[in-house]
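A short worksheet on the structure shown next.
What follows draws every value from the coordinates through simple rules; no lab data is involved. None of the values given here were measured: they were computed from a predicted structure. Backbone-built Cβ (ideal geometry, glycine too); neighbour counts: all protein chains shown.
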Amino acid sequence: MTSLPLHVQFRSFVDDDAKYERFVHACIRSRSGRGRLRHWQELLWSNFVDEVPGFTGMPVDDILDHFYFCPLHQNPLTEMAVHIPADLIVTTVGSSDPNTPYGFRHPFAVPHSSETHEIRLDTCPKCLALADRNRENPSG
């Protein structure tokens, strides 16, 4: 089992796709924010390394970096810079389509008095392609 990639071993250990995807999504959010695992992730990770000790002591940054991929398409994510004009503030960044969770190009924004700035979005090439195709041909 140890010759398999970490995410394959971890997914097999978790044995629940929804919980596994929740773990990955939380890692992605933490990587660009808090930089640490949430309590429930720490418990799940601890149980995993008890069973698969080859990953004991892995630094949190390495865990977060390792799970920086689209759990749906298994593609590494990339950061895409998005220019936010003055007078707008980002309220939500995300895709409402479960088939393209990392396929957004534009954050949702509302008027706000601020300076022009840039944000970074985590994107999956496959999600972007599918989302673009869906925008061009909404009927499918």
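Of note:
- Distant-in-sequence amide contacts of PHE69, defined by a placed amide H-H separation under 5 Å and a gap of 5 or more residues or a different chain, comprise LEU77.
- Selection from TYR20, GLY35, VAL60, by position along the positive dipole direction of segment 6-66 (Cβ): GLY35
- Karplus-derived 3J(HN,Hα), 6.51/-1.76/1.60, for each residue of segment 9-15, Hz, glycine and proline x: 4, 5, 4, 5, 5, 5, 6
- Other residues with beta-carbon under 10 Å from the beta-carbon of ASP122 carry, at +1 per Lys or Arg and -1 per Asp or Glu, a net charge of +2.
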